[in-house]
Structure formats: structure tokens, C-alpha cells
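Take a look at the structure set out below.
Quick note: the coordinates plus some simple rules give every number you see, no bench work behind them. These numbers come from a predicted model, not from an experiment. Glycine gets a Cβ as well: all are built from the backbone with ideal geometry, and neighbour counts include every protein chain shown.
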Amino acid sequence: MKYAIVTGGARGLGLGIVGALLEEKVVDRVAVIDRDLAPPPAAIAAHVQGFAADVTDEKQVHGAVEEIVSRLGAHPDVLCNNAGGGDRAWFQAGNERWWDSVETWRRFVDLNLNSVYIVSREVAPRMKSGAAICNTSSVAGLQASPALAAYAAAKAGVISYSKTLALQLGRAGIRVNAVAPGLIYTRVWQDLGAALGGGDANARAVFDSAVRRSVPLGREQTAEDIGRAVAWLCSDKARNVTGQVIAVDGGIMLGQTRLGDG
């Protein structure tokens with residue numbers, strides 16, 4: 001039986017990854033590590049087990065992984081470091097001034113970057129040749145993002161660390177890649193949209209405006225879009241792909257607005 005560990009897999013983008021890994025038959029089972037667990041959809045519930053832990057806490061991560069391997073097997077086949085984002089107050093602070101507080105900066109880095117290291121350090125030594133890791137970064141980590149300085153810096157760090165880890169684990173036959181999602185209306189964007197737009201009522205409008213201005217294909221991305229990319233990167237179909245970052249962004253990184261959008 002092949003199984004995956006997915007952090008932040010209880011909802012949103014993480015749940016899209018869980019669903020795709022199972023739908024594409026990359027693995028047979030998925031262990032979800034999440035601070036706030038939620039029941040998985042009925043269609044996949046028999047293949048998903050939840051383990052409560054804060055991915056920024058070494059002891060909690062160690063305990064969760066120990067429990068996972070005792071139940072599902074000593075050698076995880078796939079690790080998806082997806083947990084991340086930020087608190088609404090953190091995004092609000094970044095929108096109101098150039099300089100985040102040092103505490104806010106540390107929290108962004110802890111949740112979005114340090115967690116990737118903590119979980120990888122715990123899981124990777126248990127993996128065998130043929131295993132794969134995929135880390136969730138963001139297009140914010142690929143470009144200058146003044147309103148999201150700390151978040152963007154942390155996500156850029158995920159890209160750098162993914163490449164380093166690919167070199168470190170390559171001789172062991174373990175591949176490491178990253179995805180950089182574009183504009184997806186998850187809880188993170190709900191909070192960011194509210195911060196930028198002055199409240200919950202304006203969050204979706206801010207997001208839709210960003211899509212119109214930034215996405216050459218003219219449509220938002222979905223958790224399923226990202227999940228399918230992650231599933232491919234973690235499958236044998238990508239057995240010679242490592243150290244890469246795939247932007248699933250509708251063309252945002254091309255750096256051009258669509259004709260006629262002004």
C-alpha cells in the first residue's frame with residue numbers, strides 16, 4: 001500500500017491535493033496533518049486519516065508522524081508540505097504599512113517556511129528511493145509583492161529550500177519539487193481580500209479584480225488545478241523531474257495583463 005502525508009490537507013488547497021492524489025491513483029491512502037481537522041468528503045473518507053498537529057511545533061509533528069507510520073507503514077511514499085497562509089490580522093498589517101512588526105514577520109516565516117523544514121526533517125529520513133516530496137509555494141514567492149512582503153519572502157524561501165532538498169535527497173532516489181499556485185479563492189484569499197478591500201463584503205470583489213488584471217487566461221485557478229499538478233509531480237510519470245517549480249497560475253508569471261484590460 002502506498003500512502004501520502006499532506007499537511008494542511010483538511011480543506012481548501014490541501015483537500016484538492018488529497019483528492020487528486022487519490023483520484024490519479026498516485027497513492028492508496030492519505031494521512032492528513034492539520035491543526036484544525038475536518039471530516040473528509042464522503043467519496044474519499046475511507047482512504048483518508050486525520051492527525052491533529054501544529055506544523056510549526058517540532059514535538060507535535062514528531063508525535064503525529066510517529067502515529068502515522070505506526071498505522072500506515074514505516075516508509076511514506078509521498079510528502080506534500082502544503083500548510084501555510086496567515087492570519088487575517090497579519091495581512092491587514094501588511095496592507096496598512098510597509099513594515100510588518102517583527103512578530104508578524106516571524107509568524108509568516110514560521111508557518112510558511114519553517115514548517116516545511118520541520119516536517120521534511122521528520123518525514124524524509126523515513127522515505128525510500130522512488131518517493132517524492134512536493135512543497136506548496138506561491139506566485140507571491142516568484143515576484144515582488146509589497147503588500148505581502150513577509151508571506152512572499154517565506155514562499156520564496158520554500159522554492160529555494162525545495163531545490164536544496166532536491167540535491168540533498170537526489171542520491172537517495174527521492175525527488176523534490178514545488179508548485180506555485182496563482183489566484184485561488186481559499187480562506188487565505190478571503191482574509192487577504194477583506195484586508196485589501198476594507199471588509200468581508202468586498203473580499204470577493206477584490207479577488208475578482210485581481211483575476212481580471214493579472215491572469216492572461218482570464219480565469220481563477222482552483223484547488224483541483226493545483227492538486228492535479230501536485231499529483232503528476234509525485235507520480236512515476238514525473239520520475240525524472242526534480243528541483244523544479246511549476247507555476248499553476250493562468251499565465252500570471254508572464255507579467256502581462258490581457259489585451260483590453262488597461
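Quick notes
- Straightening the chain between Leu217 and Val241 buys 6.0 nm, computed as 0.36 nm per residue apart minus the Cα-Cα spacing.
- Taking 0.36 nm per residue of sequence separation and removing the Cα-Cα distance, the Glu24/Asp200 pair yields an extension gain of 59.8 nm.
- Under a model in which nothing but the beta-carbon of Lys, Arg (+1) and Asp, Glu (-1) is charged, region 15-166 shows a dipole of about 320 debye around its Cα centre.
- Met1 paired with Ala74, simple spin-label distance in nm, labels 7 Å along Cα-to-beta-carbon: 1.7 nm
- Spin-label pair Ala38-Ser209: with each label point 7 Å from Cα along the Cα-Cβ axis, the two points sit 2.7 nm from one another.
- Among the listed values (i) 37, 32, 22; (ii) 29, 20, 18; (iii) 38, 18, 15, the one computed from these coordinates for semi-axes √(5λ) of the Cα gyration tensor in Å is (ii).
- Extending 7 Å from Cα along the Cβ direction at Glu66 and again at Arg187 yields two label points whose distance is 2.7 nm.
- Within straight-line cross-link reach of Lys237, lysines at Cα separation under 21 Å, skipping those fewer than 8 residues along the same chain: Lys2, Lys25, Lys128, Lys163
- Extension gain (nm, one decimal) between Ala147 and Trp99, 0.36 nm per residue minus Cα-Cα: 16.3 nm
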